[in-house]
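In what follows, a structure is listed as structure tokens, so that the remarks can point back to it.
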Amino acid sequence: MGEYNNQHYQLDQTIIEKRMETKYFAKRIQYYSEVDSTNRIAKELGKVPGNHGVLVLAEQQNAGRGRLGRNWNSPSGNGIWMTLVLQPNLHPGHASMLTIVAALAVNNAIRNITGLDSFIKWPNDIVVNGKKVCGILTEMNTINEKLEYAIIGIGVNVNQDNFPEELKDTATSILLEGKRSIDRIDLIADIMKHFEFYYDVFLKTENLIKLKDLYNENLVNLNRQVRILEKDMEYAGIALGINETGVLLVKTVETVEDGEITIIKGVVSGEVSVRGIYGYV
Ligand code: BTN
């Protein structure tokens, strides 16, 4: 037993389905007590027509996957490890914006359910007090230039009271920051509700024109110095927020022969990390 009165209970598929306040997201839930990765299962489901909105949920993942080929620590009993299957009629080039839509939804739900001041770290981490409580991994497949599926994997550290040594500096949980454990089902239901709402807004224009201001208001790095780590180069600048396609605009200053010029660079998510000047945020 840790420092906190941490409730250990199993997630229950039928109870969760009944608690959803959505029209079509997570009306069907595929639950596993243990699985390698909910993203892997969701990809299988994505190939089968009629699975739009199915949520894959696991109590534990033994091969949870993160961005940039990293592992995702997914212990049993205290996190939310879930992947939403989407089969939208969407231009494949626009599907990566779903990650931004998901981040907005998770951040809103965390604030709503826990009262914590969570923020978004571009493109799709959610942080509380400078440490990560949630990561999102979106994957997709196209057939003949048409989007077959997009799957949105969401991992939230909810009721963990400690982390492996190598994660301690950058990861935290809602329990550790809020000093109380919360009902994971409340949070799952609220994430799905917000996600469906913002998704419908996004689909109308297939861009973030209606959502970018809200996203930027919740951006932890807004108007702060950031370092952009690309595959073979690194540079610093001031984060100005996203534009309507989800690109992060960064103001950089470059030295030229007769002085300095200011350049606004667009950072596209993918093989890129954004860090604060001194650390993770
Ligand atoms: C990141 O690196 O920040 C993304 C982490 C995404 C983790 C979630 S947990 C549920 C889903 N299944 C996975 O294997 N990964 C995602």
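The values are calculated or read from the model by the stated rules, or taken from the named source; none is laboratory data. Everything numeric in this text was worked out from a predicted model, so none of it was measured. When we count neighbours, we look across all protein chains shown, and the Cβ atoms used for this are built from the backbone with ideal geometry, even at glycine. The area values use the complete protein model at the heavy-atom level, side chains included, leaving out ligands, DNA and RNA. Shrake-Rupley method; radii C 1.70, N 1.55, O 1.52, S 1.80 Å.
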| Among A236, A95, A26, whose mean-square fluctuation peaks in a Gaussian network model of the chain (Cα, cutoff 10 Å)? | A236
| note | Taking r as the C-beta separation of N129 and T22 and R0 as 41 Å, the FRET efficiency to the nearest 0.05 is 0.85
| task | List the trypsin sites (Lys or Arg not before Pro) within segment 227-281 that fall in a DSSP loop (any state other than H, G, I, E or B) and whose Cβ has at most 13 other Cβ atoms within 10 Å. | result | K231
| query | From the cross-link list K27/K212; K121/K210; K121/K212; K131/K179, which pairs have alpha carbons spaced over 24 Å apart? | reply | K27/K212
| Linear extension gain, A63 paired with D12, 0.36 nm per residue minus alpha-carbon span | 16.2 nm
| Amide H partners (placed H, <5 Å) of V220, local residues excluded | I120, K121, W122
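Please give the FRET efficiency for N162 paired with N207, using the beta carbon to beta carbon distance and R0 = 41 Å, rounded to the nearest 0.05.
Once rounded, the FRET efficiency stands at 0.50.
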| query | Mind listing P(r) for segment 225-274? All alpha-carbon pairs, 10 Å bins, whole percents. | reply | 25, 53, 19, 3
| query | Rounded to the nearest 5, what is the percent of antiparallel bridges among the DSSP beta bridges in the chain? | reply | 90
| query | To the nearest 10 Å², what's L229's accessible area with a 1.4 Å probe? | reply | 50
| task | Take the alpha carbon gyration tensor of segment 13-84, find the square roots of its eigenvalues, order them as a ≥ b ≥ c, and report rounded if a/c is under 1.5; if not, report prolate when a/b exceeds b/c, else oblate. | result | oblate
| remark: Computed from every Cα-Cα pair in segment 13-217, P(r) in 10 Å bins starting at 0 and rounded to whole percents is 9, 38, 39, 13, 1, 0
| query | log10 I(q)/I(0), Debye, Cα-only segment 177-281, no solvent, q = 0.10 Å⁻¹? | reply | -0.41
| Does anyone have the angle between helix 184-205 and the longest principal axis of the chain? Alpha-carbon axes, 0 to 90°, nearest 10? | 50
| request: Round to the nearest 10 and give me the degree value, 0 to 90, for the angle of helix 97-114's Cα axis relative to the longest principal axis of the chain. | output: 60
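Can you work out the FRET efficiency for the pair E34 and N71, with r the C-beta to C-beta distance and R0 = 25 Å, to the nearest 0.05?
In this case the efficiency is close to 0.95.
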| remark: Two pseudo-spin positions, 7 Å from Cα along C-beta at N243 and at D186, lie apart in nanometres by 4.1
| note | Note: N141 to I263 extended length (0.36 nm per residue) minus current alpha-carbon separation gives 40.5 nm
| note | Here the relative contact order (percent) of segment 225-274, from C-alpha pairs under 8 Å and at least 6 apart, is 34
| remark: Checking N78, N129, N218 against a Gaussian network model of the chain (alpha-carbon springs below 10 Å), the top fluctuating residue turns out to be N129
| said: Given a 10 angstrom Cα cut-off, can you work out which residue in T255, T172, T14 is the most mobile in a GNM of the chain? | reply: T255
| request: Find the relative contact order for the chain and round it to a whole percent, using C-alpha pairs within less than 8 Å whose residues are 6+ positions apart. | output: 17
